[in-house]
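These notes are about the structure you will find just below.
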Amino acid sequence: MRTVRLSIIGFGAVGQGVAKVLLAKKDQLEDIGLDLRVVAIADSRTAVIDTDGVDLGAVISRKKTEKTVGSQDMTGLEIIEKIDHELVVETTPTNIVTGGAGLENMFMAFRKGRDVVTSNKGPLAVKYKELMEASKLSGSKFRFEATVGGAMPVLNLTKDSLAGNRITDVEGIFNGTCNYILTRMTEEHAPYEQMLAEAQELGYAETDPTYDVEGIDTACKLVILANCVFGMNATYEDVTVTGITKITPEALLLAHNDGYVIKLIGEVNDSRINVAPKLVPIGHPLAVAGSLNVASVQTDLSGPITVTGRGAGSIETASAILSDLISIYRN
Ligand code: HSE
């Protein structure tokens, strides 16, 4: 059995999802020889540290009732610096302007030689190249499937399953909140604000939902795709961005009567990175509904490969994090 000591830094919807998934999959992980032991958890105010393994069930309950993870006074950054462990699961709220606390946490983890698995898009959208260099320098593993498309595999799909193919274009829906809003507005003919409130309640939206509806979140994911899949050195400034805030129920109805749905489509290839609402024929592979994401990957050897899956949600995002954890340590 291989024991891997890990911290969960950030205990919002995704961090809690990771804790729940680790609890639920304990036996299955042991079957493949892995003991993933959480030795520290931090939220924005408190921390819990136990080198023998934190009681995940108790922390999840405490977070629900008392809104804190523990009573220890240590920040996520201090945990990464001072507590002995192999891997940091970085799930603090994203900041796409500066990279926020997540960026500092990742650099600290690499400085200390720790591996990092994250769902946090901001740091990767702001300092992709620097993060890759830092992880290489320290010999740390760095995986971030959960940053693009939630549970839908797209980064590891292009890197692993499609290895050897040249990827010429990736197009799709990369924001569950917008897709949920547009789908529900079409179905219910209901106003945008009401559907945004629903998406927030379901835990799909970012802490600041303008990131979702203005297309910023999709743009960040395209930057990550551009850098990871196309080897570019792109930043947010390289993306042309239009969101969904001006789409009315009437526009959706008119489109529908003509056999189309309106979707927020992101596209990246060698020459452009773009996000904008587009008309998609009903029944087209990209016309997926609800919080689903979809990615159509054009390849030289395999032609188009299209994947779809839940692009947002606590457990769904934790699923991508778990698969990254397993792929680092299984062998
Ligand atoms: N707010 C994001 C979305 C979460 O709605 O897709 C997953 O990145």
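The values are calculated or read from the model by the stated rules, or taken from the named source; none is laboratory data. Remember, it's a predicted structure, so these values are computed and weren't measured experimentally. All Cβ positions, glycine included, derive from the backbone under ideal geometry; neighbour counts span all protein chains shown. When the accessible area is computed, the model is the full protein with side chains, heavy atoms only, and any ligands, DNA or RNA have been set aside. Shrake-Rupley method; radii C 1.70, N 1.55, O 1.52, S 1.80 Å.
Checking each residue in region 131-162 for being among the acidic types (Asp, Glu), at pLDDT 95 or above and closer than 22 Å to Leu322 by Cβ picks out only Glu145.
Please determine whether any residue of region 266-277 is within 16 Å of the ligand (Cβ to nearest atom), outside any strand (DSSP E or B) and among the small types (Gly, Ala, Ser). The answer is no, given that none of the residues of region 266-277 is within 16 Å of the ligand (Cβ to nearest atom), outside any strand (DSSP E or B) and among the small types (Gly, Ala, Ser).
Restricted to region 133-173, and to residues there that are outside the structural domain of Glu267 (by TED's automatic domain parsing) and part of a strand (DSSP E or B), the residue that is farthest from Val268 (Cα to Cα) is Phe142. Can you spot a residue in region 137-154 that is free of Cβ contacts under 8 Å to residues at least 12 places away in the same chain and of a type outside the set (A, V, I, L, M)? No: zero hits. Any residue at all in region 122-130 that's more than 22 Å from Ala234 (Cα to Cα), at pLDDT 95 or above and part of a helix (DSSP H, G or I)? No, the conditions are met nowhere in region 122-130. For region 188-222, taking the residues that are in a helix (DSSP H, G or I) and among the β-branched types (Val, Ile, Thr), the one that is surrounded by the fewest Cβ atoms within 10 Å (Cβ to Cβ) is identified as Thr210.
All of Arg37, Arg62, Arg45 fail the test of being at negative phi, at pLDDT below 95, in the same structural domain as Ser135 (by TED's automatic domain parsing) and out of contact with any helix residue (DSSP H, G or I) (no Cβ under 8 Å at 6 or more places or on another chain), apart from Arg45.
Does Thr51 satisfy the condition of being under 23 Å from Arg111 (Cβ atoms) and either basic (Lys, Arg) or in a loop (DSSP other than H, G, I, E, B) (or both)? The answer is yes for Thr51. The condition of being in contact (Cβ under 8 Å) with a residue 60 or more places away in the chain and either crowded, with 24+ Cβ neighbours inside 10 Å or near the ligand (Cβ under 10 Å from one of its atoms) (or both) holds for only one of Leu225, Leu157, that being Leu225.
If you go through region 171-187 and pick out every residue that is open to solvent by less than 50 Å² (accessible area, probe 1.4 Å) and in contact with a Ser or Thr (Cβ under 7 Å, 6 or more places away or on another chain), you end up with 6.
Taking the criterion of being within 27 Å of Gly12 (Cα to Cα) and open to solvent by 30 Å² or more (accessible area, probe 1.4 Å), the residues of region 292-313 that qualify are Leu292, Thr308, Arg310.
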